[in-house]
């Protein structure tokens, strides 16, 4: 009898929860395709405005695969990555407005997530594998196309939480312009002297003087509100 109940629960879980997650994943891919299209158009527009005046400044869209795209904007490389898994927002850890919304409608807590990482363009140009990217933003989209955005600078404040939001082409354009602006405004800071006082010999003798020393915009510094945590 107990096994029958367990089987029925498994069947219900798969038919309801797994189906919901599949719907969210497929919607996420559709929304990410819109992100790619908008980003390509905006970068082509920017390149036309900038590079003919100063060809030294590289402005380029990068098509990587179904789940990644990127753009080089002068000294910055901004990578957009759609995670292949669907995540559930923890109502206990979320901001009050988001928490209230997902508690009222639990299915809306399941989201596709687009991560936006800010790298130095030279990290890709010179293939420096030790260099670090910085999480500039992450975009959450649920099955009803509701979205919210977390990120550096004014990104989080620029976009309200779930209720009333709709991830469409106009929203994608607004998000991208805000994220790229904040990434470009996030300047590289000189690391503390002690952190770069020594390098291994293998790094020093690499060709073209390109050391394997880890480089990122915030190397050696940590903001009071920064913390590392995995989303569960």
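Every number here is computed from the coordinates shown, using simple stated rules; none is lab data. Predicted model only: the values in this text are computed from it and were never measured. Glycine also receives a Cβ, built like all others from the backbone with ideal geometry; neighbour counts cover every protein chain displayed.
A crude spin-label estimate for the pair residue 95 and residue 194, with each label 7 Å from Cα along the Cβ direction, gives 3.6 nm. Normalised radius of gyration (Cα atoms, divided by 2.2 N^0.38 Å) for the range 16-190: 1.08. Gain on full extension, evaluated as 0.36 nm per residue between residue 144 and residue 122 minus their Cα-Cα distance, stands at 4.0 nm. Treating each Cα of the range 1-91 as one equal point scatterer and applying the Debye formula with no solvent, the log10 of I(q)/I(0) at q = 0.12 Å⁻¹ comes out as -0.56.
In terms of surrounding Cβ atoms within a 10 Å radius of their Cβ, 104, 60 rank from fewest to most as 104, 60. Evaluate E = 1/(1 + (r/R0)^6) for residue 54 and residue 29, where r is the Cβ-Cβ distance and R0 equals 30 Å; express this FRET efficiency to the nearest 0.05. With R0 = 30 Å, the Cβ-Cβ based efficiency is 0.25. Once both labels are positioned 7 Å from their Cα atoms along Cα-to-Cβ, the gap between residue 15 and residue 156 label points is 4.1 nm. Kirkwood analysis of the range 81-184, using all unique Cα-Cα pairs, places the hydrodynamic radius at 14.7 Å.
Each part reduced to its alpha carbon centroid, the range 52-71 and the range 128-197 end up 18 Å apart. At full extension, residue 8 and residue 186 could sit 58.9 nm farther apart than now, given 0.36 nm per residue minus the alpha carbon distance.
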